[in-house]
Amino acid sequence: MIRRSIKALLFSDVKSFSKLSEKECINFCRFFHAGIQRDVLAAYDEQIVLKNTWGDALHVVMDDPAAAGELALDLRDWMAGSDWRAAGVSVKPEIRIGLHAGVVSHVADPITGKFNYIGRNTSKAARIEPITFEGQVFVSQAFATLLAAKGCDRLSCEYVGVRELPKNSGSISVYLLKRR
C-alpha cells in the first residue's frame with residue numbers, strides 16, 4: 001500500500017551554473033555540498049525526511065513547513081555569505097529556492113533502493129524554483145496557507161503575483177518568503 005501525506009517540498013537551483021567551466025563546476029559542487037550539509041542541513045537533520053542533490057540542485061522534503069521555510073532562508077543566506085572566489089568559483093552564484101506543500105506519495109524507488117516522495121505536488125514544487133528571482137525564496141499559496149494555519153510567527157509571505165510555470169504547467173500565485 002502506498003502511503004500519502006502532506007509534506008513541505010523544497011527545490012533549489014543555481015542560475016548560470018551550466019556556464020561555469022568544468023573546473024569551476026567541480027569546485028562549486030565540492031564547496032556547495034560540503035558547506036550546506038555542514039552549515040545548513042545538519043541543523044535540520046532530524047526534521048528532514050528526504051534530501052537529494054545533483055550538481056547545483058537541492059531537493060529537501062520535510063513535515064514542518066516552518067522548518068522548511070527556515071531552512072530555505074538559511075540556505076539563501078549561506079549562499080550569499082560564502083566566499084566563492086576562495087572556493088575557486090569566479091562568479092558569485094545566485095540561488096533560487098522554491099517551496100510548495102501538498103499531498104505526496106511515499107514510494108520505494110527500485111533504481112536507488114531508497115524511498116522517495118512523488119506526485120503532482122512534487123512536480124509543482126519543482127516548477128516554482130525556475131520562476132523564483134535570484135537570491136530569493138518563492139513559496140506557493142498552499143505553502144503560505146499551511147504556514148499561516150500552523151501559526152508560524154517567525155516567517156511572513158509577501159504576495160508577488162501570479163506567474164506562469166514552466167513546461168506548460170499552468171499558473172500559480174507565489175509569495176516571497178521573509179523572516180519577520
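Details
- Among the residues of segment 150-172, the ones that are within 18 Å of P65 (Cα to Cα), touching a strand residue (DSSP E or B) at 6+ places or on another chain (Cβ under 6 Å) and of a type in the set (K, R) come to 0 in all.
- Some residue of segment 35-47 being closer than 18 Å to L177 by Cα and either touching a Ser or Thr at 6+ places or on another chain (Cβ under 9 Å) or without any contact (Cβ under 8 Å) to a residue 40 or more places away in the chain (or both): yes
- Filtering segment 113-133 for residues that are charged (D, E, K, R), in contact with a Lys or Arg (Cβ under 6 Å, 6 or more places away or on another chain) and within 14 Å of L10 (Cα to Cα) leaves a non-empty set.
- Selection from segment 99-126 of residues that are out of contact with any helix residue (DSSP H, G or I) (no Cβ under 7 Å at 6 or more places or on another chain), of a type in the set (V, I, T) and within 13 Å of L50 (Cβ to Cβ): V107, T112, I118, T122
- Residues that are buried (at least 23 other Cβ atoms within 10 Å of the Cβ) and either part of a loop (DSSP other than H, G, I, E, B) or of a type in the set (F, W, Y) (or both) within segment 126-145 comprise T132, F138, F143, listed in sequence order.
- Unique residue being surrounded by 19 or more Cβ atoms within 10 Å (Cβ to Cβ) and over 15 Å from the mean Cα position of the chain (by Cα) when the list is F17, F11: F17
- Any hit, segment 103-110, residues being exposed (fewer than 14 other Cβ atoms within 10 Å of the Cβ), without any contact (Cβ under 8 Å) to a residue 60 or more places away in the chain and closer than 25 Å to R38 by Cβ: no
- Residue list for segment 160-170, filter: touching a helix residue (DSSP H, G or I) at 6+ places or on another chain (Cβ under 7 Å), surrounded by 10 or more Cβ atoms within 10 Å (Cβ to Cβ) and either not in a strand (DSSP E or B) or not charged (D, E, K, R) (or both): L165, P166, S169
- Cβ pairs under 8 Å, 6+ apart, first in segment 82-102 and touching a residue at least 12 places away in the same chain (Cβ under 8 Å) and surrounded by 17 or more Cβ atoms within 10 Å (Cβ to Cβ), second among the aromatic types (F, W, Y) and part of a loop (DSSP other than H, G, I, E, B): P93/W84; R96/F133
- If the condition is being in contact with a Phe, Trp or Tyr (Cβ under 6 Å, 6 or more places away or on another chain) and among the aliphatic types (A, V, I, L, M), then segment 119-144 contributes A125, A126, I128, V139, A144.
For (1) buried (at least 17 other Cβ atoms within 10 Å of the Cβ); (2) of a type in the set (G, A, S); (3) in contact (Cβ under 8 Å) with a residue 40 or more places away in the chain; (4) in a loop (DSSP other than H, G, I, E, B), each residue gets a yes or a no:
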site	(1), (2), (3), (4)
Y117	yes, no, yes, no
N121	yes, no, yes, no
K124	yes, no, yes, no
L147	yes, no, yes, no
G151	no, yes, no, yes
E158	no, no, no, no
I172	yes, no, yes, no
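Read-outs: derived from the displayed coordinates by stated rules, not from any lab. All of these numbers come straight from a predicted model, not from anything done at the bench. Heads up, the Cβs are rebuilt from the backbone with ideal geometry, glycines too, and the neighbour counts pull from every protein chain shown.
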